[in-house]
Amino acid sequence: MALLYQNKTSVQELVRSQEEKEPSVQKLMHGQERKEKTILIVEDDEDLGELILEALQQESFYTGVTYRTLLAIDAMEALQIIEETLPDLFLLDYYLPRMNGLDLYDRLHAIETLAQIPTIFMSANPPFKELRKRNLLSVRKPFNLHELLHTIERLLEEQDKES
């Protein structure tokens, strides 16, 4: 399996492997209602952020979920987006300019309306101790695109069951 951002063909490989999910595509074509989920990606590597965004949009074609993806390149931009949009999931890089991802997480989850939003951290060197204290998921860069998408889908499904 291709690792995310080691080469740009990862999204195309994902699409080809997802073509095996043809029955789910047929269900969608025959009137199954689609859900929309908003994901805020906070990643200072714009190429990586765009690649994740594109992969989520491709994944939308094969699932019953339409992913509305928003990309911020730093914590301050993420905070501005939050003023106008309530995401269903945060995908945060740990090493960000001006404020690290963990400080951003703490700031966001201190707000009552954002406190229950699931979060996934991305980092080559995640702060495991701090993540465990907060009971947070993380993926280590470089990561497998399929695994990241599966983790996102699982968290959003769990969120739906709880609400």
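The table for this structure:
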| quantity | calculated |
| --- | --- |
| Top-ranked residue in region 116-128 [being of a type outside the set (A, V, I, L, M, F, W, C) and at pLDDT 95 or above; ranked as farthest from LEU96 (Cα to Cα)] | PRO118 |
| Given (1) of a type outside the set (Ser, Thr, Tyr); (2) surrounded by fewer than 20 Cβ atoms within 10 Å (Cβ to Cβ); (3) within 13 Å of the chain's Cα centre (by Cα), number of the condition LEU91 does not satisfy | (2) |
| Of all residues making up region 73-88, the number that are within 10 Å of VAL42 (Cα to Cα) and within 15 Å of the chain's Cα centre (by Cα) | 2 |
| Among the candidates LYS129, LYS141, residue that is loosely packed, with under 13 Cβ neighbours inside 10 Å and either among the charged types (D, E, K, R) or under 14 Å from the mean Cα position of the chain (by Cα) (or both) | LYS129 |
| Long-range neighbours under 8 Å by Cβ, at least six apart or interchain, first residue farther than 21 Å from SER60 by Cβ within region 135-158, second at pLDDT below 90 | SER138/PRO126; ARG140/PRO126; LYS141/LEU4; LYS141/TYR5; PRO142/LEU3; PRO142/LEU4; PRO142/TYR5; PRO142/GLN6 |
| Enumeration of residues in region 106-163 that are of a type in the set (Ser, Thr, Tyr) and more than 13 Å from ASP93 (Cβ to Cβ) | THR113, THR151, SER163 |
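The values are calculated or read from the model by the stated rules, or taken from the named source; none is laboratory data. Please read these numbers as outputs of a predicted model, since none were measured by experiment. Please note: Cβ atoms are built from the backbone with ideal geometry, for glycine as well, and neighbour counts cover all protein chains shown.
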